[in-house]
Amino acid sequence: MEEASGKIIFSEILRGYTIVEVPGYTSIRIKHFNNFDSASLDIGSKSYYDKAVRKGLPTRKDRIDYLLKENIWTEKKNKEILNTKSALVGLRKTREKIFLQAHIDQVNREIKETQIKLAEQEAEKEKLIGFTAEAYASRRINEHYMYNALIKDNGEKFFDKDDFEELDELKMVDLIGIYNKSTNKFKSDSLKKISVSGFFTNLFYLCEDNPYVFFGKPITDLTFYQIEIFGYAKYYKSMIQNSDNKPPEEITENPEKLVEWFESSKSAREAIDKSKNAEKEGSATSLVGATKQDLKRLGLDNPNETINLAKKAAEKGGRLSMEDLAKLHGM
């Protein structure tokens, strides 16, 4: 994300609305919802669901039961999806425990491959499930959200209820497209990037983690975007403050890389501390297989904190046993 784009999105988050141009109308504001807005809108979801069931639309459970009964979908495929999800969880946990960049890169590739596999498996299932009462309710509640989100400059709804219900399908599709485009830029990945950007942290670090000081209103009045970006900012700030080393400058505005660096640095330190405390003889502060780049990235490029394996082998008669290697890794 370019800085200019991030600043625009941040300014909209601060204002609490986005201004869009809609052909055939004057400019429209799209309101960012808070908890009060959401509570009143969520009530409508069940009524839409009940209406769909009364009209004879099958529930999601009904469709899945039917697919299983007719052997169109199988429990084996359900298990494959669960296994893929479990594999993804395992890979992410593995990434938290490793510290060599080559290993991190390898796990990241496996995570992406597994995510693609999971998306394909779930898409196949969703295609077979088809249109359900839940899907109908979701579509209608999204339209309801949009109706309440479109406002005039004075804060009143842009459409009255009858006019909105009578919009022709083409106009409704256009409005939905504009609405979706305006909200897509507030996805979590974008908010995470903004929360570590210099223009944001320059302000955030002055508020002492107080949302009222930052936004000027009680937390109960904050929009979901304001709450989300503030939460991310607190998380990344705490992560950096609780680290023994300063993160490499090139990753300070990359949330994903920042988390990778923090987790790998923490794991590396834990491995070294475990090795040191295991027993005095044979304990060391090295990371076998680490390159100079790894040690620098992890803040372990101090000569006093590394060990020469060849020298250690010489001390052991020219060769290190598996037990010696285990000690060196703090295992």
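A short reminder: the numbers here are calculations on the coordinates, not readings from a lab. What you see is a predicted model, and the numbers here were worked out from it, not measured in a lab. Glycine gets a Cβ as well: all are built from the backbone with ideal geometry, and neighbour counts include every protein chain shown.
If the cut-off is 16 Å between C-alpha atoms, which lysines fall inside it for Lys185, apart from same-chain ones fewer than 8 positions away? In chain and number order, the partners are Lys7, Lys31, Lys193. In a reduced charge model with +1 at each Lys and Arg Cβ and -1 at each Asp and Glu Cβ, the chain shows a dipole moment near 980 debye about its Cα centre. Kindly identify the chain as rounded, prolate or oblate by the Cα gyration tensor criterion: order the square roots of the eigenvalues as a ≥ b ≥ c, call it rounded if a/c is under 1.5, otherwise compare a/b with b/c, prolate if a/b is larger, else oblate. Taking the square roots of the gyration eigenvalues as a ≥ b ≥ c, the chain is oblate. Rounded to the nearest 0.05, what FRET efficiency do Ala135 and Lys112 give with R0 = 25 Å and r taken as the Cβ-Cβ distance? Could you check? The computed FRET efficiency comes out at 0.30. For the chain, the longest principal axis of the Cα atoms and the long axis of helix 255-278 meet at an angle of about 30 degrees.
Site pair Leu82 and Ser38 shows an inter-label distance of 3.0 nm when each label is modelled 7 Å from Cα along Cα→Cβ.
Using R0 = 56 Å, the C-beta based FRET efficiency linking Lys152 and Lys55 works out to 0.95.
Of the GluC sites (Glu not before Pro) found in segment 76-181, those in coil by DSSP whose Cβ has at most 16 other Cβ atoms within 10 Å are Glu156, Glu166. Shape class for segment 20-185: oblate, because the ratio a/c of the largest to smallest gyration tensor axis (alpha-carbon atoms, square roots of eigenvalues) is 1.5 or more and b/c is at least a/b. In this structure, the pairs whose alpha-carbon distance is over 23 Å, taken from Lys55/Lys157; Lys237/Lys266; Lys187/Lys234; Lys257/Lys292, are Lys55/Lys157. When peptides 229-242, 33-46, 173-186 are ranked by their average number of other Cβ atoms within 10 Å per residue, the highest-first order is 229-242, 173-186, 33-46.
Quick one: length gained pulling Val213 to Asn142 fully straight, 0.36 nm per residue minus the C-alpha distance?
Details: separation 71, 0.36 × 71 = 25.56 nm, distance 3.29 nm.
This chain segment gains 22.3 nm when fully extended.
Cα centroids of segment 133-198 and segment 37-116: 25 Å apart. Between Ala4 and Glu126, the contour length at 0.36 nm per residue exceeds the Cα-Cα span by 40.1 nm.
Of Ser264, Ser40, Leu191, which is farthest on the positive side of the dipole of the chain, counting Cα position, with +1 on Lys and Arg Cβ, -1 on Asp and Glu Cβ, and the Cα centre as origin? Ranked along the dipole, the leading option is Ser264. Other residues within the sphere of radius under 14 Å centred on the Cβ of Ser182, judged by their own Cβ, net out at +3 (K and R +1, D and E -1). Relative to the dominant Cα principal axis of the chain, helix 3-15 is inclined by about 50°. Once the chain from Ile72 to Ser45 is taken as fully extended at 0.36 nm per residue, the excess over their C-alpha distance is 6.7 nm. Between Ser27 and Tyr205, the FRET efficiency from the beta-carbon distance, with R0 = 35 Å, is close to 0.50. Here the sum of -39500 (n - 2.57) over DSSP H runs of 4 or more residues, divided by the residues of the chain, equals -21000 deg cm²/dmol at 222 nm, to the nearest 500. Simple spin-label estimate for Glu169 and Lys181 gives 2.2 nm between the two label positions (7 Å along the Cα-to-Cβ direction from each Cα).
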